[in-house]
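Since the structure comes first, as structure tokens, the remarks are kept for the end.
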Amino acid sequence: MRLHLPGDKSISHRALMLGALAEGTSHLSNVSSGADVLSTRQCLEQCGIPIREEGQQIVIEGQGGVFKSPEEELNAGNAGTTARLLTGLLAGRGIHARIIGDSSLMRRPMDRVVEPLLQMGANIQLSLRGTLPLAIHPAQLGKLGYTLPVASAQVKSALLLAGLASEGPVRVTEPAPSRNHTELMLQALGVDLQVSDNRITLGSGKQRIAPFELNVPGDPSSAAFPAALAAMLPKTELTFDNLLLNPTRMGFFRAIKRMGAQISWKSKLQNLGEEVGELTIRSSELRGIKISGTEIPSLIDEIPVLAILATQAKGATVVRDAGELRVKESDRIKAVCENLKRMGVRIQELTDGFRIWGPTTLRAATIRTYHDHRIAMAFAVASRIAVGKTTLDDPDCVEISFPGFHDTIRRVAS
Ligand code: S3P
């Protein structure tokens, strides 16, 4: 069976923001239709960026770095990427804006972005808890040399986007490689940006962005769910075409290959510097492995579904150094451990991960999703191999990143 997935969420957010900054009209196709990316689009429109649909395309009238102060609050909804990248994007653009989010996003840390932006000279007010709401006011941004305390593509990207409006230079050092779409896109669009090892340097002076055309490749983080199901079901083979195969996003597929998954992929370089291609996965016998250290950022969003695979692997699977999971859309370590225990799995919760002993026959349970799309999708996959009928308390929250998810999973399982 072949699957063509909606566009990558991370690239869709960035493409809309860079399209807004560009000097002229950009055309995007296969943009993620999830609620998160819609939040980015609406926030940009509120800041005076015309965005429209033309057939299957999204057309953005870039204003060359000019934004207007929105009349109402910018609501980033459930999207950490919208809130954090937008804060960087707007910090040096001479406008007033207030950013809020839903109840999950209002609990997530924003100080990790605001603190380095203040060092650049930004004028941003944040709640005392270091969370949304935040208020941006006009400020002249200067240079920055900053080492990220945790590997975060959102923080890195926010600083680079702010740097585009600063006198610069902006130098960001990462403790481990995180997804590099912002760097690849900026380089492809003619911005003076150098990457050497774990350091990214954005040149001095205000940077101009050329308008562009982009067909957003399929989202590998979405692919992980049907891929996991295909690996666990008997006599199943699944091929994804036009899938994003950027090495900073492939940690899940590399890890399950180590677990024994029958998987292969072939990529070529496509527009805006991204690797794109085909990936095939078949029914597999799995064994437990250890996942930790610098590989964690390359599979951080896939850990909930990896936990489901671990329940079917022989021996122990251990995930460490993944404490960041506790500040995602929900506390994903807690959500995974609690729900897998309900399904009869032997699992030990750790401060920065978990240990799972398999294989186990999963039993039906009522799953608490915490309204977190990736928890809902991971346990929808688990429900397909469980004995009895599992129910999710909020199956619809998958719309955040993967509209059509339940249909896709049904097709893979039939
Ligand atoms: C993202 C970065 C990651 C990831 C999120 C998307 C991005 O978050 O978990 O789903 O598009 O930059 P962090 O930067 O918090 O690690």
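The values are calculated or read from the model by the stated rules, or taken from the named source; none is laboratory data. Model, not experiment: these values are computed from the prediction. Because the Cβ atoms are built from the backbone with ideal geometry, glycine has one as well, and the counts that use them run over all protein chains shown.
Here are the numbers:
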read-out: Enumeration of residues in the stretch 317-347 that are buried (at least 17 other Cβ atoms within 10 Å of the Cβ) and small (Gly, Ala, Ser); value: 322, 330, 335
read-out: One residue from 111, 192 being touching a Leu at 6+ places or on another chain (Cβ under 9 Å), among the acidic types (Asp, Glu) and within 15 Å of the ligand (Cβ to nearest atom); value: 111
read-out: Residue that is nearest to residue 79 (Cα to Cα), among those in the stretch 122-152 that are in a loop (DSSP other than H, G, I, E, B) and without any contact (Cβ under 8 Å) to a residue 40 or more places away in the chain; value: 131
read-out: Near pairs, Cβ below 9 angstrom, 6+ apart or cross-chain, from the stretch 221-249 (at positive phi and not assigned by TED's automatic domain parsing to the domain that holds residue 183) to any residue that is small (Gly, Ala, Ser) and at pLDDT 95 or above; value: 235/283; 242/218; 242/277
read-out: Any hit, the stretch 341-356, residues being in a loop (DSSP other than H, G, I, E, B) and within 16 Å of the ligand (Cβ to nearest atom); value: yes
read-out: Residues (crowded, with 24+ Cβ neighbours inside 10 Å and among the β-branched types (Val, Ile, Thr)) located in the stretch 82-99; value: 82, 87, 99
read-out: Top-ranked residue of the stretch 361-414 - restricted to ones that are of a type in the set (Phe, Trp, Tyr) and in a loop (DSSP other than H, G, I, E, B), ranked as farthest from the chain's Cα centre (by Cα); value: 370
read-out: Test: residue in the stretch 3-14 that is among the hydroxyl-bearing types (Ser, Thr, Tyr) and within 16 Å of the ligand (Cβ to nearest atom); value: yes
read-out: Criterion: touching a strand residue (DSSP E or B) at 6+ places or on another chain (Cβ under 8 Å), over 24 Å from residue 164 (Cβ atoms) and buried (at least 24 other Cβ atoms within 10 Å of the Cβ) - qualifying residue of 255, 227; value: 227
read-out: Test for residue 329: is it of a type in the set (D, E, K, R) and touching a Cys at 6+ places or on another chain (Cβ under 7 Å); value: no
read-out: Test: residue in the stretch 154-172 that is in the same structural domain as residue 64 (by TED's automatic domain parsing), surrounded by fewer than 16 Cβ atoms within 10 Å (Cβ to Cβ) and not in a helix (DSSP H, G or I); value: no
read-out: Residues of the stretch 348-384 that turn out to be surrounded by 17 or more Cβ atoms within 10 Å (Cβ to Cβ), of a type in the set (A, V, I, L, M, F, W, C) and farther than 16 Å from residue 333 by Cβ, as a count; value: 8
read-out: The stretch 122-173: number of residues that are under 15 Å from residue 83 (Cβ atoms), of a type in the set (Val, Ile, Thr) and within 15 Å of the ligand (Cβ to nearest atom); value: 2
read-out: Total residues in the stretch 264-309, condition at pLDDT below 95, surrounded by fewer than 21 Cβ atoms within 10 Å (Cβ to Cβ) and at positive phi; value: 1
read-out: Meets criteria (surrounded by fewer than 17 Cβ atoms within 10 Å (Cβ to Cβ), in contact with a strand residue (DSSP E or B) (Cβ under 8 Å, 6 or more places away or on another chain) and among the small types (Gly, Ala, Ser)) for residue 260; value: yes
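Okay, residues lined up against (1) charged (D, E, K, R); (2) farther than 23 Å from residue 298 by Cβ:
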residue: 6; (1), (2): no, no
residue: 20; (1), (2): no, yes
residue: 23; (1), (2): yes, yes
residue: 61; (1), (2): yes, yes
residue: 67; (1), (2): no, yes
residue: 85; (1), (2): no, no
residue: 92; (1), (2): no, yes
residue: 100; (1), (2): no, yes
residue: 113; (1), (2): no, no
